[in-house]
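Student: Let me give you the structure first, and then I'll get to my questions.
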Amino acid sequence: VYLLIAAGALMMVVGFLGCCGAIKESPCMLGLVIEEVTEFYKQTFDNYKTTKQEALKETLRLIHFGVRAHTLFSLLSVQSV
């Protein structure tokens, strides 16, 4: 449970930084967000490989869902222009 709370807090901070970076169009801040999310994913995946905890599997599934939804939204936005 505490792992999910920590993961949620981290994702909230990263999301906030991502929004600030997008508003200011700051490549540095957007790069930091992508780097942080990638590192979080790698750590979660490594932990899942060793422990096989269901909560970690669900976290990975939600990250995959978010990436797919973002990619689909981006593709639809480009096609409508």
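Student: Tell me which residues, restricted to the range 48-58, are open to solvent by less than 80 Å² (accessible area, probe 1.4 Å) and over 16 Å from residue 11 (Cβ atoms). Talk me through it step by step, then tell me what you get.
Tutor: Initially, the range 48-58 is screened for residues open to solvent by less than 80 Å² (accessible area, probe 1.4 Å), giving 48, 51, 55-56, 58.
Hits for the range 48-58 are 48, 51.
Student: What do you reckon, is residue 23 closer than 18 Å to residue 66 by Cα, modelled with pLDDT under 80 and out of contact with any Phe, Trp or Tyr (no Cβ under 6 Å at 6 or more places or on another chain)? Working first, answer last.
Tutor: Working: closer than 18 Å to residue 66 by Cα: no; modelled with pLDDT under 80: yes; out of contact with any Phe, Trp or Tyr (no Cβ under 6 Å at 6 or more places or on another chain): yes.
In short, no.
Student: Separate question: Report, by residue number, each residue of the range 43-81 that is of a type in the set (Gly, Ala, Ser) and at pLDDT 85 or above.
Tutor: Kept after step one, since they are of a type in the set (Gly, Ala, Ser), are these residues of the range 43-81: 55, 66, 69, 74, 77, 80.
Result: 55, single match.
Student: Within the set of pairs 6 or more residues apart or between chains, which connect a residue that is among the basic types (Lys, Arg) inside the range 49-70 to a residue that is surrounded by 12 or more Cβ atoms within 10 Å (Cβ to Cβ) with Cβ atoms less than 8 Å apart?
Tutor: 57/48
Student: Go through the range 20-44 residue by residue and tally those that are open to solvent by 80 Å² or more (accessible area, probe 1.4 Å) and either part of a helix (DSSP H, G or I) or in contact (Cβ under 8 Å) with a residue 12 or more places away in the chain (or both).
Tutor: Step one: filter the range 20-44 for residues open to solvent by 80 Å² or more (accessible area, probe 1.4 Å), giving 23-25, 27-28, 34-35, 39, 42-43.
Adding the requirement that they be either part of a helix (DSSP H, G or I) or in contact (Cβ under 8 Å) with a residue 12 or more places away in the chain (or both) leaves 23-24, 27-28, 34-35, 39, 42-43.
Adding up the residues that qualify gives 9.
The values are calculated or read from the model by the stated rules, or taken from the named source; none is laboratory data. Quantities reported herein were computed from a predicted structural model and do not represent experimental measurements. Cβ atoms come from the backbone with ideal geometry, glycine included; neighbour counts cover every protein chain shown. Areas reflect the complete protein model, heavy atoms only, side chains present, ligands, DNA and RNA absent. Shrake-Rupley method; radii C 1.70, N 1.55, O 1.52, S 1.80 Å.
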